[in-house]
Amino acid sequence: MEQYFETDYTHIAILRGEPHCWYASNLMPNQEEIESAPAFVEWAIPNNIHYVCGSTLFRDNEWSCVFVSNRRKEQAGFTPQEVERMHALSPFIEK
């Protein structure tokens, strides 16, 4: 699990991105690279984590508050409309 979180491009984008900027693994430009990464194939897929969407809500010195949602394959990937809604809801989620 640690290797997955340390190497997953979506989680890295979430942690490094601007607050309230949402990233969905199936909408990332490097989706093929994400889906073929060893930690994704060896850990996420066997644990039925096929799609990830999230954002950093705020940072406070050393700490970050991050919201991440995972989906199984049967639930399908996140849509651009869902990402837009999450972006609009971010200030309310932060509170």
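Coordinate-derived values only; no laboratory data. Please read these numbers as outputs of a predicted model, since none were measured by experiment. When we count neighbours, we look across all protein chains shown, and the Cβ atoms used for this are built from the backbone with ideal geometry, even at glycine.
Some observations on this one:
- Yes/no for residue 44 being touching a Ser or Thr at 6+ places or on another chain (Cβ under 6 Å) and farther than 20 Å from residue 90 by Cα: no
- Hey, residue 25 of a type in the set (S, T, N, Q), closer than 18 Å to residue 5 by Cα and in contact (Cβ under 8 Å) with a residue 24 or more places away in the chain or not: yes
- Note on region 1-91: enclosed helices (runs of 4 or more DSSP H) holding 3 or more residues that are crowded, with 17+ Cβ neighbours inside 10 Å are 9-16.
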